[in-house]
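Q: Structure incoming, see below.
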Amino acid sequence: MAERKPIESWLTDMDGVLIHEGVPIPGADTFLKRLREREKPFLVLTNNSMFTPRDLHARLTRMGLHVPVENIWTSALATAQFLDDQRPCGSAYVIGEAGLTTALHDIGYILTDAEPDYVVLGETRTYSFESLTKAIRLINDGARFIATNPDATGPSTEGALPATGAVSALITKATGREPYFVGKPNPLMMRAGLNAIGAHSETSAMIGDRMDTDVLAGLEAGMETFLVLTGVTQPDEIGRFPFGPSRVAESIAELVDLI
């Protein structure tokens, strides 16, 4: 295998890497501080589309983790950018929270249930039968189906919660239409993130806690990949995948010296 160039830019997942169930993971603050001290370009990515970057900045700050708003990239932002590229000033019926609706408003999209160009499915804790029925009927009538991310479940203190991937499967079963997933592991989200910080994949690394999204996304985008064991993927599960990370670490604390 050809030797990789030194890592100049870092992309990292949030839940399971920097925080876990609302608590900072030991070493996360040191890692972020080292990035700032060495003036390394970095981006915190999340497939969760519920919150705006400003919301997430405030949430992380309360936990003692300093991440500027401009260093946060969400699947909601990536979805909005994708739609703006595909059909500028279009319309969408949206199932999701403020993170997604704000991102779409900011690119000039009209949010409507009257003959929208797209049905956009994101994350919410209040999926309703009424909204899902509306989405199914609009897709059957010709609206294109977009989903922010394919994650089937999300974390909570009580256990797993159904997430966008699981809910999109329900809509697909009812309509026969598969969504286009914009978030990880789609390399589209990774390339957009790299462009946002002026980074190149050959000198960038992706840190994540999931083999099926974080590691796969980094791999397909051409980046060096690090799997940390503080989140979803457990050590005995790594070998089940037909691909592997560049390195496995117990936590982000082990990666501080690489900056």
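The values are calculated or read from the model by the stated rules, or taken from the named source; none is laboratory data. The structure presented is a predicted model; accordingly, all values stated were derived computationally and were not measured. Cβ coordinates were reconstructed from backbone atoms using ideal geometry, including for glycine residues, and neighbour counts include every protein chain displayed.
Q: Within 27 Å of VAL17 (Cα to Cα) and of a type in the set (A, V, I, L, M): which single residue out of LEU83, LEU111, LEU100 fits that description?
A: Criteria check complete, one pass: LEU100.
Q: Determine the pairs where a residue that is closer than 11 Å to PRO41 by Cβ, located within segment 193-210, has a partner that is among the hydroxyl-bearing types (Ser, Thr, Tyr) with Cβ atoms under 6 Å apart, the partner being 6 or more residues away or on another chain.
A: As it stands, the answer is ALA199/SER9; SER204/SER9, since those pairs meet every condition given.
Q: Next question, about the same structure. Look through VAL215, VAL256 and report the one residue that is under 19 Å from LYS5 (Cα atoms), at pLDDT 95 or above, surrounded by 18 or more Cβ atoms within 10 Å (Cβ to Cβ) and not basic (Lys, Arg).
A: Answer to the selection: VAL215.
Let's see how each residue does on (1) within 20 Å of LEU35 (Cβ to Cβ); (2) in the same structural domain as LYS33 (by TED's automatic domain parsing); (3) in contact with a Leu (Cβ under 6 Å, 6 or more places away or on another chain):
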site	(1), (2), (3)
LEU194	yes, yes, no
GLY222	no, yes, no
THR225	yes, yes, yes
ILE252	yes, yes, no
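Q: Can I ask one more? Select from segment 7-27 the residues that are small (Gly, Ala, Ser) and surrounded by 16 or more Cβ atoms within 10 Å (Cβ to Cβ) and list them in ascending order.
A: Those that are small (Gly, Ala, Ser) and surrounded by 16 or more Cβ atoms within 10 Å (Cβ to Cβ): SER9, GLY16, GLY27.
Q: Taking the condition of being touching a Pro at 6+ places or on another chain (Cβ under 8 Å) and among the polar types (S, T, N, Q), how many residues in segment 81-124 meet it?
A: Final tally of qualifying residues: 1.
Q: Please indicate, with yes or no, whether at least one residue in segment 28-41 is surrounded by 15 or more Cβ atoms within 10 Å (Cβ to Cβ), in a strand (DSSP E or B), in contact with a helix residue (DSSP H, G or I) (Cβ under 9 Å, 6 or more places away or on another chain) and modelled with pLDDT of 95 or more.
A: no
Q: Where in segment 44-155 are there helices (runs of 4 or more DSSP H), lying fully within it, with 2 or more residues that are on the phi < 0 side of the Ramachandran plot, surrounded by 14 or more Cβ atoms within 10 Å (Cβ to Cβ) and in contact (Cβ under 8 Å) with a residue 60 or more places away in the chain?
A: Correct list: 75-86.
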